[in-house]
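Accompanying notes for the structure given below.
The values are calculated or read from the model by the stated rules, or taken from the named source; none is laboratory data. Just so it is clear, the structure is predicted and the values come from calculations on it, not from any experiment. Heads up, the Cβs are rebuilt from the backbone with ideal geometry, glycines too, and the neighbour counts pull from every protein chain shown. Ligands, DNA and RNA are excluded from the accessible area calculation, which covers all protein heavy atoms including side chains. Shrake-Rupley method; radii C 1.70, N 1.55, O 1.52, S 1.80 Å.
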Amino acid sequence: PLDEPLIAATLKKQLLKTEPGTRSRERNWNAYSALARFAGVELPKDWKQLKGNYKPKPRYIPSDAEILEIWNRLPLGPWKWAFAVFACYGIRSHEIVRLGFEDLPALNVLRDSKTRERLVYPILPEWYELMEIEKINQPKLTSDINCNNGRVATKAFKRLKIGFSPYSLRDGYAIRCAKVNISPAVAARWLGHSLSVHHRSYLRHLDKLDYDEIWRKLSEK
């Protein structure tokens, strides 16, 4: 609050307005901790315990068959094309309006406030052909703020009753990279994040069936 002093008691009071064990509590704890360090405010001894133990729910990962079924039923238009791009390339939701097409079938994801420019390749080239990615039909999003464009994409998925968010398709792309034996370093580069994030946040979605499939493909060589 702008009318209250920046002291430990104020930060603690604001933090306790969030529910323990929630993403809001964790994000606010991180933000207030950084603010306190910047302002030279000494935090109370119980500050670390107030962070809680937030654990995100496992994200739903659609199968390849489900992705194709959804794509087939979507009405023609920009969001059908966007769905195809999310599925084929695993880009972030806000990146759908930050694309260059001079290297198709590879996409150029243009530099923004989050990542540097990078090339991304479709893991399943047959999807690129089937979903006609080359017939560019980008949604017209005008905001310069990443999170605003990301929210629009998520709302479009809800409106179309897709049943999951664009980030489920991003996770699916990361898993597909592992299944076809693309090295984690290359996959992380295509996805635009660090190798540590790739292992920690994306490959945790692999399960025994995925490992069995990867092993079977190796055994067939």
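Some points to look at:
- Karplus (6.51, -1.76, 1.60) ³J(HN,Hα), θ = phi - 60°, over the stretch 37-51, in Hz, Gly and Pro reported as x: 4, 5, 8, x, 8, 7, 8, x, 5, 8, 4, 4, 5, 6, 5
- Listed values for the stretch 131-142 are Karplus-derived 3J(HN,Hα) couplings in whole Hz (6.51 cos²θ - 1.76 cosθ + 1.60, θ = phi - 60°), namely 8, 6, 4, 5, 8, 5, 8, 5, x, 8, 10, 10, and x replaces Gly and Pro.
- Nearest-20 debye value, the chain charge dipole, Cβ charges on Lys, Arg, Asp, Glu: 840 debye
- Candidates ASN148, ASN30, ASN72: whichever shows maximal mean-square fluctuation once the chain is modelled as a Gaussian network with Cα springs under 10 Å: ASN30
- Remark: spin-label model distance LEU119-GLU42 equals 5.6 nm, labels positioned 7 Å along the Cα→Cβ axis.
- Projected over every direction and averaged, the convex hull enclosing the alpha-carbon atoms of the chain yields 15.5 nm².
- Pairs from LYS57/LYS135; LYS48/LYS158; LYS135/LYS155 whose Cα-Cα separation, in the structure shown, is over 27 Å: LYS57/LYS135; LYS48/LYS158
- Within the stretch 73-121, GluC sites (Glu not before Pro) in DSSP loop having at most 13 other beta-carbon neighbours inside 10 Å: GLU102, GLU117
- Surface composition of the chain: carbon plus sulfur atoms contribute 55% of the solvent-accessible area (1.4 Å probe, protein chains only, all chains present).
- Lys/Arg +1, Asp/Glu -1 at C-beta; the stretch 41-163 dipole; positive extreme among HIS94, LEU104, LEU76: HIS94
- 5 angstrom amide H check on LEU99, placed H, neighbours 5+ away: LEU110
- Simple spin-label estimate for ILE182 and LEU74 gives 1.8 nm between the two label positions (7 Å along the Cα-to-Cβ direction from each Cα).
- Theoretical ellipticity at 222 nm over the chain - DSSP helices of four or more residues, -39500 (n - 2.57) apiece, nearest 500: -14000 deg cm²/dmol
- Shown in residue order for the stretch 179-187 are the 3J(HN,Hα) couplings computed by the Karplus curve 6.51 cos²θ - 1.76 cosθ + 1.60 at θ = phi - 60°: 5, 9, 6, 6, 4, x, 5, 5, 4 Hz (x for Gly and Pro).
- The residues of the chain expose on average 59 square angstrom of accessible surface per residue, using a 1.4 Å probe on protein heavy atoms.
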